[in-house]
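Working notes, structure below.
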Amino acid sequence: MNYLSDRANQLSESATLAMTRLSRELTQQGFDIINLSIGEPDFDTPGFVKDEAKLALDQNFTHYPPVNGYQDLREAICRKLLRDNQLNYKPNQIVVSTGAKQALANTILALVNPGEEVLMPTPYWVSYSEMVKLAGGKSVLIDAGIETRFKITASQLEAAITPNTKLLMFNSPNNPSGAVYNHDEMEALAGVISKHPHLYVIADEIYEYIIFNGKHESLASYPAIHDRVIVINGVSKGYAMTGWRLGYSASNCDIAQAINKIQGQITSGTCSIAQRAAIVAMDRHPDEVDEMKQMVSTFKERRDLLVALLREIPGLKVDLPDGAFYVFPDVTAYLGKKTADGLTLATDDDLCMYLLKEAQVALVPGSSFGNNQCIRFSYATSSEKIAEAARRVKAALQKLV
Ligand code: PMP
Ligand code: GLU
């Protein structure tokens with residue numbers, strides 16, 4: 001539509017949200033859709049957090065909060081960063097935002113000039129490339145396929161850096177692959193970053209607590225690069241609080257001030273009630289909260305179930321992810337095959353649409369994450385639904401010739 005801005009016209013709809021919307025619409029029309037497209041815990045927010053929100057209402061926390069968040073929430077975030085990540089931040093280095101999504105958008109807008117390059121290890125989370133587009137930046141993809149368990153190497157990073165590189169988008173545990181970088185891999189990447197003082201890094205740690213093997217480490221914990229790393233995190237995944245819309249950035253003071261300025265012109269401070277509730281969440285590591293411990297161990301069981309079932313499907317290549325709640329199998333064996341009606345499934349998008357119609361399972365095509373050989377399964381749903389979805393997908397794939 002030519003009266004809309006080029007900015008709006010050039011932006012793609014979020015593929016994760018689009019598949020979720022489609023799946024919701026088909027369900028409303030009476031189809032028996034199993035939705036494995038949504039990336040959010042199917043668990044409810046723990047009671048102690050909900051109680052705090054009720055209290056906040058009664059205490060009339062109903063006015064505009066400060067743009068960068070309540071001081072006591074930012075202090076609680078600093079305590080969390082010290083407790084879990086051994087990171088020292090002061091409250092004026094924290095900006096609380098409307099979800100990690102806004103914290104990411106703020107940071108990209110605060111750092112990237114038109115034409116500057118942003119390094120994007122693939123697969124990457126859908127919204128990164130679109131946010132970079134909004135800022136006028138240029139995404140430079142660094143391929144990490146299933147052979148390297150979806151992780152880039154230090155030499156790949158080194159080779160991608162140019163004098164025009166501004167930012168690296170780093171996400172561990174990763175959406176959509178579930179990959180988790182280990183200490184040696186992180187150390188090697190930090191070594192490369194330390195040699196390029198013009199390079200900044202966004203470390204998106206939103207899946208920090210959903211990890212099954214190994215230990216989460218923050219890139220910001222490497223002193224040589226600490227000042228150039230912007231940590232993004234929030235309560236959505238670890239505390240099952242997606243709808244509360246609360247995330248944050250931790251950065252050097254200049255970047256924090258720029259983010260604060262941008263947010264102050266666009267949305268102001270995030271919801272006062274969500275902020276009050278987030279204080280009590282931050283002060284308890286999810287390992288100390290029964291519901292959250294249960295959530296992570298349930299995710300692990302479901303991961304094992306889904307990976308075992310997908311590995312029974314001939315031709316699929318399936319990595320066992322170490323974190324998050326996604327499996328990202330390689331489906332190239334099925335690309336180019338024909339349906340019973342003679343339709344060729346040329347791409348991962350075609351295959352996902354076929355599986356939605358034939359198997360009534362909603363998935364997300366890998367191309368929206370920068371990898372057109374894989375498709376994403378979210379296992380944030382019951383084991384029964386996972387088993388039924390895998391059965392249907394297997395049957396639908398077997399019909400292809
Ligand atoms: N980063 C990644 C990698 C995610 O998967 C998500 C969830 N969609 C976000 C950021 C955004 O999280 P939030 O719900 O806090 O905005
Ligand atoms: N993290 C989720 C996903 O990737 C939420 C949807 C979104 O915001 O993109 O599916």
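In table form, for the structure just shown:
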{"quantity": "Equivalent ellipsoid dimensions for the range 130-183 as semi-axes, Å, which come from the Cα gyration tensor, largest first", "calculated": "21, 15, 10"}
{"quantity": "Potential extension, Lys90-Asn252 segment - 0.36 nm per residue separation minus Cα distance", "calculated": "57.4 nm"}
{"quantity": "Sorted peptide list for 207-216, 339-348, criterion being average Cβ within 10 angstrom, highest first", "calculated": "207-216, 339-348"}
{"quantity": "Cα-based helix-to-principal-axis angle, 383-398 vs the chain, degrees rounded to 10", "calculated": "50"}
{"quantity": "Cα gyration tensor category, rounded, prolate or oblate, for the range 1-119 with a/c compared to 1.5", "calculated": "oblate"}
{"quantity": "Separation of the Gln71 and Glu288 label points, Cα + 7 Å toward Cβ, nm", "calculated": "2.4"}
{"quantity": "Rounded tilt (10° steps) of 71-85 against the dominant C-alpha axis of the chain", "calculated": "60"}
{"quantity": "Carbon + sulfur, % of accessible area of the chain - ligands and nucleic acids excluded, 1.4 Å", "calculated": "52"}
{"quantity": "Residue-wise HN-Hα coupling along the range 254-262, computed from phi with Karplus coefficients 6.51, -1.76, 1.60 (Hz; x: Gly, Pro)", "calculated": "4, 5, 4, 5, 5, 4, 4, 5, 4"}
{"quantity": "Prolate/oblate/rounded label for the range 73-148 (Cα gyration tensor, a/c 1.5)", "calculated": "oblate"}
{"quantity": "Share, in percent, of DSSP beta bridges within the chain that are antiparallel, nearest 5", "calculated": "45"}
{"quantity": "Rg over Rh [alpha-carbon atoms, Kirkwood Rh] for the chain", "calculated": "0.96"}
{"quantity": "Over the range 14-68 - Rg/Rh using Cα atoms and the Kirkwood inverse-distance radius", "calculated": "1.20"}
{"quantity": "Protection proxy ranking of 362-375, 133-146 - average other beta-carbon atoms within 10 Å, highest first", "calculated": "362-375, 133-146"}
{"quantity": "Tilt relative to the chain, helix 272-282 - C-alpha long axis, 0 to 90 degrees, to 10", "calculated": "80"}
{"quantity": "Inter-label distance, nm, simple model (7 Å from Cα along the C-beta direction), Gln29/Ile266", "calculated": "3.4"}
{"quantity": "Per residue value of the accessible surface for the range 280-324 (all protein chains in place, 1.4 Å probe), Å²", "calculated": "45"}
{"quantity": "Principal axis box of the range 316-401, alpha-carbon based, largest edge first, Å", "calculated": "38, 29, 18"}
{"quantity": "Set of aspartates and glutamates near Lys215 by C-alpha distance (under 16 Å), chain-local residues within fewer than 8 positions excluded", "calculated": "Asp84, Asp184, Glu185, Glu187, Asp204, Glu205, Asp287, Asp322"}
{"quantity": "Net length gained if the chain between Thr153 and Ser297 were fully extended (0.36 nm per residue, minus Cα distance)", "calculated": "48.9 nm"}
{"quantity": "Sequence of Cys78, Cys271 when ordered by accessible area, the most exposed leading, probe 1.4 angstrom", "calculated": "Cys271, Cys78"}
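The values are calculated or read from the model by the stated rules, or taken from the named source; none is laboratory data. What you are looking at is a predicted structure, and each value in this text was computed from that prediction instead of being measured. Ideal geometry is used to build each Cβ from the backbone, glycine not excepted, and the neighbour counts take in all protein chains shown. Side chains included, ligands, DNA and RNA excluded: accessible areas come from the protein's heavy atoms. Shrake-Rupley method; radii C 1.70, N 1.55, O 1.52, S 1.80 Å.
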